[in-house]
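The values are calculated or read from the model by the stated rules, or taken from the named source; none is laboratory data. Since this is a predicted model, take the numbers as computed values, not measurements. Reconstructed Cβ throughout: ideal geometry from the backbone, glycine too, with neighbour counts over all protein chains shown. With ligands, DNA and RNA removed, areas are computed over all heavy atoms of the protein, side chains included. Shrake-Rupley method; radii C 1.70, N 1.55, O 1.52, S 1.80 Å.
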Amino acid sequence: MSLNSNVCDTPFPAKPLADHQQKKAFQHPGIGYINGFPVVQCWSEELQAYGDCCETLPLAIAASISSKIGPETEVRSMAAFTSELCHIGSITDDGKPDLSINLKQPCKKCKGLMERIPGSATMLAGSGTSQDVHWVTEKRGDVDNSLIRYVSLGYSRFSYSAAYAANEEMIYEMIKIWTIGSVGVFVRADIRENLATMWDEFIIPYRMKNTIFRLNTSGEVDPIMLHINDTSVPICTVFCALAYILSNVLEPSWGYRQSISDFIPLMAILAKWCETLCPWGRPDVISIVGITSRTPEGMARFLLGTTKPYLKLSQKHRSIRNQYRQGMKLCRLELLEKVFGWLPDHRP
């Protein structure tokens, strides 16, 4: 059964809230405002369990990578609410957003995973704002952070501004070119095959039938397992697929960017695409994890991630939504247990 879009409209009104309305909105649990517009946040740290967070897949992959590429490795993670990332005005061609956004600190469970990144890699988490990022060391390794060179995107024809402003048809056209079109020939053969799988198993089913979760014939979540750096990673939803596509087509190369915070526009683009393609079921939070290494062979990688989608459905469909979300979480739990070992208090 597909979850379709006969659901409530966007929560944003025609006009911004007045000051007294903004104050009242902040007093209501789960409601804030951005640029004068009320925003309903479904995410709650108190309710978070392993497998819920957007950092789940990126941290698992980062842990797998960092254990194999030597001691002088640095991993940095940051996250932000989709609602903020979707309302930053615009992005310039060189990747600068018009408005600053607040970064979301990792929950306690994600902090625990960060502390368990294997090997001697350094792990840092971003907080503050996109214009003033504060890095908190969650795990101290052997690397001298000042010596790390950051990365620039290798796909020179990519336009931040065009991607962020793209409408539905333009987004599908870009994804098609990246997955089964001309751009795919420039990536490694294994990634090229995975990109084509994302198109066939997620993008096409969603475009044709609004199928967010990949299901088997019994109606259970049935992820595509992608082999990434000797780790089998479950891709459960069309949003996971979008994150994978952006993370691999825009693979970074060595350059002279000053900070991984320069990759915040990529978070914004993923959030905006989720919002544009599926305003009734987008993920609540988007994250990005950057990995750099000063080993002789050099290495640079970034990984985008999403939370489980919170679908705004009618009452009769909510039990189905919860069933799918639970199935997705169990798939992610299996990955975390394989990579990090035993997880304390991991059952909700």
Can you tell me which residue is modelled with the lowest pLDDT among those in the stretch 39-76 that are surrounded by 22 or more Cβ atoms within 10 Å (Cβ to Cβ) and either of a type in the set (Asp, Glu) or touching a Pro at 6+ places or on another chain (Cβ under 7 Å) (or both)?
66
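Just checking, does the stretch 242-264 include any residue being more than 28 Å from residue 122 (Cβ to Cβ), touching a Cys at 6+ places or on another chain (Cβ under 9 Å) and modelled with pLDDT of 90 or more? Lay out the reasoning, then the answer.
Here is the first cut: in the stretch 242-264, the residues more than 28 Å from residue 122 (Cβ to Cβ) are 242, 245.
Now restrict to residues that are touching a Cys at 6+ places or on another chain (Cβ under 9 Å): 242.
Subsequent filtering for residues that are modelled with pLDDT of 90 or more retains 242.
Yes, there is a match, as at least one residue in the stretch 242-264 is more than 28 Å from residue 122 (Cβ to Cβ), touching a Cys at 6+ places or on another chain (Cβ under 9 Å) and modelled with pLDDT of 90 or more.
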I'm trying to understand the selection: among the residues of the stretch 74-90, which are assigned to a strand (DSSP E or B) and more than 11 Å from residue 130 (Cβ to Cβ)?
74, 75, 76, 77, 79, 81
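Do you know which residues across the stretch 281-332 are among the hydrophobic types (A, V, I, L, M, F, W, C), at pLDDT below 85 and open to solvent by 10 Å² or more (accessible area, probe 1.4 Å)?
Going residue by residue through the stretch 281-332, those that are among the hydrophobic types (A, V, I, L, M, F, W, C) are 285-286, 288-289, 291, 299-300, 302-304, 311, 313, 320, 328, 330-331.
Okay, now just the ones that are also at pLDDT below 85, so 291, 299-300, 302, 311, 313, 320.
Answer for the stretch 281-332, where residues must be among the hydrophobic types (A, V, I, L, M, F, W, C), at pLDDT below 85 and open to solvent by 10 Å² or more (accessible area, probe 1.4 Å): 299, 300, 313, 320.
Condition check: modelled with pLDDT under 85, among the acidic types (Asp, Glu) and buried (at least 20 other Cβ atoms within 10 Å of the Cβ). Does residue 84 satisfy that? Please lay out each step first, then the result.
Numbers: modelled with pLDDT under 85: no; among the acidic types (Asp, Glu): yes; buried (at least 20 other Cβ atoms within 10 Å of the Cβ): yes.
When the stated conditions are applied, residue 84 does not pass them.
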